[in-house]
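Some notes on the structure that comes next.
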Amino acid sequence: MTDTTQLRVPDLGDFEDVEIIEILAAIGDIIAVDDPLITIETDKASMDIPAEIAGKIVALDVEVGGKVSSGSIIAEVELAEISEQCEQSEQKKPAATKSKETPINQPIGDATHSAKLLVIGSGPGGYTAAFRAADLGVDVIMVEKWPVIGGVCLNVGCIPSKAYLHAAKVIDDAEAMADHGVTFDKPKINSKKLRDWKNGIIRKLTGGLQTMAKQRKVKVVNGLAKFESANRVVLDTGETIDFEYCIIAAGSKPTMLPGLPDDPRIVDSTGALELTSIPKKMLVVGGGIIGLEMACVYAALGARVSVVELADNLMPGTDPDLLRPFMKIIKKRYESIMVSTKVTGINATKSGIEVSFEGNNAPQTALYDRVLIAIGRKANGNLLDADKAGVSVDEFGIINVDKQMRTNIKHIFAIGDLAGGPMLAHKASHEAKVAAEVIAGEKSYFDARAIPSVAYTDPEIAWVGLTELEAKAKNIDYEKAQFPWAASGRALAIDRPEGFTKLLFDKKTSRILGGAIVGQNAGDLISEIGFAIEMGSDASDISLTIHPHPTLSETIAFSSEAYEGTLTDLYIPKKKSS
Ligand SMILES: Cc1cc2nc3c(=O)[nH]c(=O)nc-3n(C[C@H](O)[C@H](O)[C@H](O)COP(=O)(O)OP(=O)(O)OC[C@H]3O[C@@H](n4cnc5c(N)ncnc54)[C@H](O)[C@@H]3O)c2cc1C
C-alpha cells in the first residue's frame, strides 16, 4: 500500500512571500530526510529547505521565481516501500569516487563518520578544497569548530573589514567633495545599523556556502577536530571521523601581546570588527595591513586614531615608495603615527587603557579608550595533535608542504594560513584546489608565479611579483617604469591623483617581473599585472593591449609605454629607441 503526504515550508519567522531561486528535486526522485528540496532567497540570505520525510516525489507545487511562506506546500511524497526505493536509487547513482575501495559515508569500523576525504576547517582553504573535491567525485566531510562555516575570511576577516572600509570610503569621499562645491552634513553614525549591515553580508555569504555544501553533498560536521591517528580525528563532541585522505585547513589566529589585562577595551581584529561602539581615542598596535585597514575604518567613523609600529616603517617589507602617498594622507587624518616605537606596557585604568612607549617620537605614556592589538597572526598547526598522525609542525605552527600541498605524511595535506607563505585568502583557495585535485587523482601543482598582496587602505596599495626590495636583495637586474596618476585624466576626474603605477621589467628580455599600484581600486587593478606575469608578457604585450579610456587601468599601459619610450601622455625623456 502507498501513502502520500505533503512536504511544506517550515516556519520562516518574520519572512513571507520569499522567492524560490532553485528547485533541487524533481517528480520521481527518491528523497531522504534532509535532502534539499528548494532554495529560497531573502534580502538577507539564501537557504535550502530540506525534506522532513523520506519518500518518492509524486507532485511538485513550486516553480523557480514563485513565492513561498511558512506552511506553503512544496511537494507531495509517496511514503510506501521507501527503504527499498532508496536502495535502488543509491544503486543508480554514479560512483562517488574514482577509487574502488573507497567507502561512501560508511563508517569504517567503529567511527561515527567516515569519508574518503576529511577537510579540517571551512575557511577559503577548507570550503574550496571540499567543494572542488566533491565536484571531482570525491566523498567529503568538512569539519568546522565554529557554528558557521566560512572561516576567518568570511566571518571575521576579509569580508566584514571590506564592508566597513566601504562605509569609511563613502564618508571620506563625501567630505572630500566639500573642496569642489558639494557639501554634506557631518555623518551620523549608527554603529548598530552598520554592524547589522555587515552581519547581513556575512549571513548571505555563509548561507550561500551552506547551500553549496548541500548541493555538492559535502557533509558538514560541527566540532573541534584533533588527530587520534593518521586515519582518524576525534571531535570535542566525542564523535570520531575516519578518513583515507585529510586536508588540514585550520587557519590561524591573532597573536596577542603577553600579559595583557583582561579588559573589553583591549581587542584583537575580531573584537574591532564587532564595532561595539566608536571610541573617542584609539591606539592601533601594529602597522601591518590588518591594523591599518581597521585604523582607516575607525578614523573615518570619528575616532582619533594613533598607530604604533616597532619597525621603522608601516607595512614592513613593502617598497618604501608605495607608502609615501599613503603616509601623506594618513598623517593628516590620524592623531599620531609612531614608527620605530615599542609598546612597553599596557594597563587598564578607570579612565582608559594606559599604554607606555619606548621610541623617539612617542610619549612616555598615553591613555586610550580602545586599543587594537594587530601584531600578526599565528598558524594553528600546533593545536591539532598533528604528531599523533605523524605530521610535522614547526615552532610557528606552520605545517610544511610540497608543491602538491602534501605534508610529510603522504595522505595528509595542508593548505592556507597554516601551510606557510602569505596569509591570504586567495592563496588558501588556490592551494585548496591543488590538494583536492591531487587527491582526486589529477596531476596538479601549486606553480603560481606570483601572489598579489593588497592593503585596502585609503589609498589602496597593491603589489604582485618582484618588489624592488626583493630585486635589490637578490641582485636582480631590473628596470623600473612608472606612471604618476597626477597625469591620468581619470585619476584627476575622481579627485585622487596622489597614486602611481610602477612596473618592473627584466632589462635583457623586457619581460614583466613585478608591479605595484597605489591609489583608488589598486586592489582590483593589480590583477592585470598578475596576469601579465603569469603569461610571461613583455612590455610590448602590455603597451599594445588597448586599454579603455579614461580608466585607471590605462596607467598600467602607460607605465609600460614609459618603459618602451612610446608614451605620449606624459613627457619622459626617451630611454630606449624602438
Ligand atoms: C581582519 C582581517 C582581514 C583580512 N583581510 C584579508 C583580505 O582582504 N584579503 C585576503 O586575502 N586575506 C585577508 N585576511 C586573511 C584571510 O582571512 C586568511 O588568509 C584566510 O581566511 C585563510 O584561510 P584558511 O582557509 O587558511 O583559514 P581560516 O579562514 O582561518 O579558516 C580556518 C577554519 O578552521 C576552523 N578550525 C580551526 N581549527 C579547527 C579544528 N581543530 N577543528 C575544526 N575546525 C577548526 C576555524 O574555526 C576556521 O573556521 C584577513 C584576515 C583578517 C583577520
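Taken together, the values in this text are just the output of simple stated rules run on the coordinates, not laboratory data. Please read these numbers as outputs of a predicted model, since none were measured by experiment. As a convention, Cβ positions derive from the backbone with ideal geometry for all residues, glycine included, and neighbour counts pool all protein chains shown.
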Can you pull the one-decimal nm distance between simple spin-label points at K162 and K342, each 7 Å off the Cα toward Cβ? 3.8
When the Cα centres of the range 514-544 and the range 402-440 are compared, how far apart do they sit, in Å? 26
So how do S540, S560 line up by other beta-carbon neighbours within 10 Å, fewest first? S540, S560
Span from the the range 280-346 Cα centroid across to the the range 133-165 one, whole angstrom: 29
At 0.36 nm per residue, minus the direct Cα-Cα distance, what do T551 and K507 gain on full extension? Give it in nm, one decimal, please. 13.0 nm
Residue by residue through the range 393-410, the couplings from Karplus 6.51 cos²θ - 1.76 cosθ + 1.60 with θ = phi - 60°, in Hz, x for Gly and Pro, are 10, 8, 5, 8, x, 8, 9, 6, 9, 8, 5, 9, 6, 7, 7, 5, 9, 3
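Exposure proxy check: V64, V355 ranked by fewest other beta carbons within 10 Å?
If I rank by nearby Cβ atoms, fewest first, I get V64, V355.
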For the chain, longest principal axis from Cα atoms; helix 425-439 axis from its Cα atoms; angle between them, nearest 10 degrees, is 40
Length gained if K145 through K331 is fully extended, taking 0.36 nm per residue and subtracting the Cα-Cα distance, is 62.8 nm
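Within the range 113-154, report the trypsin sites (Lys or Arg not before Pro) that DSSP leaves as loop and that have at most 11 other Cβ atoms within 10 Å.
none
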Report the full-extension gain for the segment N361 to D135: residue separation times 0.36 nm, less the Cα-Cα distance, to one decimal in nm. 75.7 nm
Could you tell me the calculated FRET efficiency between L492 and D17, based on Cβ-Cβ distance and R0 = 51 angstrom, to the nearest 0.05? 0.60
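Provide the FRET efficiency to the nearest 0.05 for the R8-D110 pair, computing r from the beta carbons and using R0 = 30 Å.
The computed FRET efficiency comes out at 0.20.
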Could you give the longest part of the chain that holds none of the GluC sites (Glu not before Pro) found in DSSP loops with at most 10 neighbouring Cβ atoms within 10 Å? 102-394
Exposure-ranked with fewest Cβ neighbours within 10 Å first, C153, C246 stand as C153, C246
Over the range 308-364, what is the relative contact order in percent, taking alpha-carbon pairs closer than 8 angstrom and at least six residues apart? 33
Share of antiparallel DSSP beta bridges in the chain, in percent to the nearest 5? 65
Can you tell me the orientation of helix 158-176 relative to the chain, as the angle in degrees between its alpha-carbon axis and the longest Cα principal axis, to the nearest 10? 40
Using alpha carbons only, how many angstrom separate the centre of the range 55-70 from the centre of the range 359-373? 60
